Amino acid sequence: NDGDPQGYFDAIVAADQKVEPRDWMPEAYRKTLIRQIAQHAHSEIIGMQPEGNWISRAPSLKRKAILLAKVQDEAGHGLYLYAAAETLGISRQELVEMLIEGRQKYSSIFNYPTLSWADVGAIGWLVDGAAIVNQVPLCRCSYGPYARAMIRICKEESFHQRQGYEILYTLSHGTPEQKAMAQDAVDRWWYPSLAMFGPSDSDSTHSEQSMTWKIKRFSNDELRQRFVDMCVQQAGVLDLRIPDPDLRWNAERGAHDYTQPDYDELMQVIKGNGPCNRQRIEHRRRAHEEGAWVREAAAAHAAKKAVAHV
Ligand code: FAQ
């Protein structure tokens, strides 16, 4: 392959094999992967905040332990993903700085507030549900380290989705007040969850190239449709209403027709103007600064050990 690295890369992708860190790859492929994996890692880390908000107020010890475990899982996902991005030649420090300085994005969904305990259920059911639909195909992504990280992450996301579903099920089969709280949460999280899949295909700048490279396997709209179809049946079991009066089965298409999310709102949130953007970044910046002594201590310890081994 020495004479024709591009040809070798194209052949690996065409054969559905994996591109590995030491393989030659087009610079734009590397850049796109760093962008997507970093955005994904940042989302996991920022995504700890909305749910973390309810750890101290969970309604029972058991629910608190489950939520704690879930939020810790998100931290683990962020760390795997930062490690996967590092295989592309960028350091975790650079990535964290880009997040804090607003030079890299994270998912729009985590800029919405968690107003009630039912929001923890709605995040599990809808946000983790959307994450799974988006991420299962990423297990077949052409870049090996990202694809492999996704396998474990998806297994854990399945547990997260179930715990959210179970919270909503319990609430919707509880008192009328509890049921109303569950419905209110679903009403607020439905459209932002649909927006997680990104702009519509006609406005998606990266989809075509990412699909050619087999980073993405399906378009934003294909995955959004899959998510809607999945939720309709589950909402029936939950006995909760999806807040879309135009949602109905279309026998011809073999899929549900539904109302698109507000893409102008998505763009506003992506630009930093969502309800909680400032608060989320400020919190992350403070946590990063307050953790400086831990990083320094770990580096000093590693340096000492290295000397001891000489
Ligand atoms: N939010 O051309 P496209 C989780 C940006 S799950 C913010 O379509 P692409 C689990 C996009 O970056 C959430 N930005 O882009 C969890 C691009 O901007 P750029 C994280 C968005 O990459 C659950 C521009 O718009 N999951 O964390 C969004 O081909 C519960 C044009 O868009 C992932 O990141 C958005 N919603 O497709 C944790 C999955 N949508 O860079 C805690 C991996 C689009 O040109 C609690 N990522 N943008 O300036 C992906 O699959 C893709 O990157 C998409 C976007 C599908 C998100």
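Is there a residue in the stretch 159-174 that is aromatic (Phe, Trp, Tyr), more than 14 Å from the ligand (Cβ to nearest atom) and open to solvent by less than 10 Å² (accessible area, probe 1.4 Å)?
no
Quickly run through the stretch 15-60 and pick out the residues that are outside any helix (DSSP H, G or I) and basic (Lys, Arg).
18, 22
With the condition kept exactly as written, say whether any residue in the stretch 251-258 is surrounded by 15 or more Cβ atoms within 10 Å (Cβ to Cβ), assigned to a loop (DSSP other than H, G, I, E, B) and out of contact with any Phe, Trp or Tyr (no Cβ under 8 Å at 6 or more places or on another chain).
Checking the stretch 251-258: at least one residue is surrounded by 15 or more Cβ atoms within 10 Å (Cβ to Cβ), assigned to a loop (DSSP other than H, G, I, E, B) and out of contact with any Phe, Trp or Tyr (no Cβ under 8 Å at 6 or more places or on another chain).
Scan the stretch 133-154 for residues that are near the ligand (Cβ under 10 Å from one of its atoms) and open to solvent by 30 Å² or more (accessible area, probe 1.4 Å) and jot them down.
134, the sole residue that qualifies.
Within the stretch 115-132, track down each residue that is within 11 Å of the ligand (Cβ to nearest atom), touching a residue at least 60 places away in the same chain (Cβ under 8 Å) and open to solvent by 10 Å² or more (accessible area, probe 1.4 Å).
Answer for the stretch 115-132, where residues must be within 11 Å of the ligand (Cβ to nearest atom), touching a residue at least 60 places away in the same chain (Cβ under 8 Å) and open to solvent by 10 Å² or more (accessible area, probe 1.4 Å): just 131.
Inspect all residues belonging to the stretch 214-227 and state whether any of them is more than 18 Å from the chain's Cα centre (by Cα), open to solvent by 50 Å² or more (accessible area, probe 1.4 Å) and of a type outside the set (A, V, I, L, M).
No, the conditions are met nowhere in the stretch 214-227.
Considering only the stretch 54-66, I want to know if a residue exists there that is closer than 25 Å to residue 151 by Cα, in contact (Cβ under 8 Å) with a residue 40 or more places away in the chain and open to solvent by less than 40 Å² (accessible area, probe 1.4 Å).
Checking the stretch 54-66: not a single residue is closer than 25 Å to residue 151 by Cα, in contact (Cβ under 8 Å) with a residue 40 or more places away in the chain and open to solvent by less than 40 Å² (accessible area, probe 1.4 Å).
Within the stretch 124-132, is even one residue at pLDDT 95 or above, of a type in the set (Val, Ile, Thr), within 22 Å of residue 282 (Cα to Cα) and out of contact with any Gly (no Cβ under 7 Å at 6 or more places or on another chain)?
Checked against the condition, which is being at pLDDT 95 or above, of a type in the set (Val, Ile, Thr), within 22 Å of residue 282 (Cα to Cα) and out of contact with any Gly (no Cβ under 7 Å at 6 or more places or on another chain), the stretch 124-132 yields no hits at all.
Being out of contact with any Pro (no Cβ under 8 Å at 6 or more places or on another chain), aliphatic (A, V, I, L, M), under 18 Å from residue 127 (Cβ atoms) and within 13 Å of the ligand (Cβ to nearest atom) is the filter here, so list the residues in the stretch 175-225 that pass it.
If the condition is that a residue be out of contact with any Pro (no Cβ under 8 Å at 6 or more places or on another chain), aliphatic (A, V, I, L, M), under 18 Å from residue 127 (Cβ atoms) and within 13 Å of the ligand (Cβ to nearest atom), then 196 is the only one that fits.
Limited to the stretch 248-264, what total is found for residues that are among the aliphatic types (A, V, I, L, M) and under 25 Å from the mean Cα position of the chain (by Cα)?
1
With 6, 39 as the choices, which residue is surrounded by fewer than 20 Cβ atoms within 10 Å (Cβ to Cβ) and under 24 Å from residue 288 (Cβ atoms)?
None of the others qualify; the one that does is 39.
Answer yes or no as to whether residue 167 is over 12 Å from the mean Cα position of the chain (by Cα), of a type in the set (A, V, I, L, M, F, W, C) and within 20 Å of residue 281 (Cα to Cα).
Judged against the criteria, residue 167 is not a match.
What number of residues within the stretch 75-114 satisfy the criterion of being more than 15 Å from the ligand (Cβ to nearest atom), closer than 24 Å to residue 272 by Cβ, open to solvent by 30 Å² or more (accessible area, probe 1.4 Å) and not polar (S, T, N, Q)?
Of the residues in that region, 3 qualify.
Do we find that residue 202 is among the hydroxyl-bearing types (Ser, Thr, Tyr), surrounded by 21 or more Cβ atoms within 10 Å (Cβ to Cβ), in a helix (DSSP H, G or I) and modelled with pLDDT of 95 or more in this structure?
no
What is the one condition in (1) at pLDDT 95 or above; (2) part of a loop (DSSP other than H, G, I, E, B); (3) exposed (fewer than 10 other Cβ atoms within 10 Å of the Cβ) that residue 275 does not satisfy?
Of the numbered conditions (1) at pLDDT 95 or above; (2) part of a loop (DSSP other than H, G, I, E, B); (3) exposed (fewer than 10 other Cβ atoms within 10 Å of the Cβ), the odd one out for residue 275 is (3).
The values are calculated or read from the model by the stated rules, or taken from the named source; none is laboratory data. All figures in this text were calculated on a predicted structure; none of them were measured in a lab. We place every Cβ from the backbone using ideal geometry, glycine too, and count neighbours over all the protein chains shown. Surface areas here come from the heavy atoms of the whole protein model, side chains and all, with no ligands, DNA or RNA. Shrake-Rupley method; radii C 1.70, N 1.55, O 1.52, S 1.80 Å.
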